[in-house]
Amino acid sequence: MSFIFKFIDQQAQNRIYAIVWTVIILIGCSLPGKDVPDMSMGIDKVVHCLMMAGFGFLWLYSIPKVYFVILLGTVYGFALEFWQQILPFGRTFDVLDGVADTVGVILGAIVWKIWPR
């Protein structure tokens, strides 16, 4: 892998990581409801928050514009909820998941701000 990245500047590498994480989130949110572990007691909100914290953190290394990335993550999180609503296999729209996604992106931005570079 390092051989491939030898020819790509750091900004492009960071964008690749962010894109890969974004696709992983999309795949995870597209799994049939029966394939998703039971996450009672709000654990699913923590999962949403953490995955979107990673989204915010990685995208800020690629595009260091905090408000833009928070907006991008919020839109992406709610778009995923709409996406789940139209899937034909037991996924539903949950506004609290979208809120958890937004909180996660903001937490990712905070970590990015304090993370040593």
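Counting helices only, and only those DSSP H runs with n ≥ 4, report the 222 nm mean residue ellipticity of the chain as the sum of -39,500 (n - 2.57) divided by its residues, in deg cm²/dmol to the nearest 500.
Numbers: 5 runs with 85 residues, N = 117.
Dividing the helical sum by the residues of the chain leaves -24500 deg cm²/dmol.
Using the 10 angstrom Cβ neighbour count as an exposure proxy, how do K65, K6 rank, fewest first? It would help to have the intermediate numbers written out before the result.
Working: K65 12, K6 7.
Going from sparsest to densest Cβ surroundings: K6, K65.
Between V99 and L26, with labels modelled 7 Å along Cα→Cβ, what's the label distance in nm to one decimal, could you check?
2.8 nm
Between K6 and I114, what length comes free when the chain is fully extended (0.36 nm per residue of separation minus the Cα-Cα distance, one decimal in nm)? All intermediate terms of the calculation are to be shown ahead of the outcome.
On the way: separation 108, 0.36 × 108 = 38.88 nm, distance 2.76 nm.
Additional length available on full extension: 36.1 nm.
Would you mind calculating the relative contact order of the chain from Cα pairs under 8 angstrom and at least 6 residues apart, reporting the percent as a whole number?
Working: 129 pairs, mean separation 39.4, N = 117.
Once normalised by length, the contact order is 34 percent.
Working from the pairwise distances between different alpha carbons, so that the mean of 1/r is found and then inverted, what is the stretch 48-117's Kirkwood radius in Å? Before the final figure, lay out the partial values.
Values: mean 1/r = 0.0829 Å⁻¹.
Its Kirkwood hydrodynamic radius stands at 12.1 Å.
Values in this text are rule-based calculations from the coordinates and carry no lab data. Quantities reported herein were computed from a predicted structural model and do not represent experimental measurements. Cβ atoms come from the backbone with ideal geometry, glycine included; neighbour counts cover every protein chain shown.
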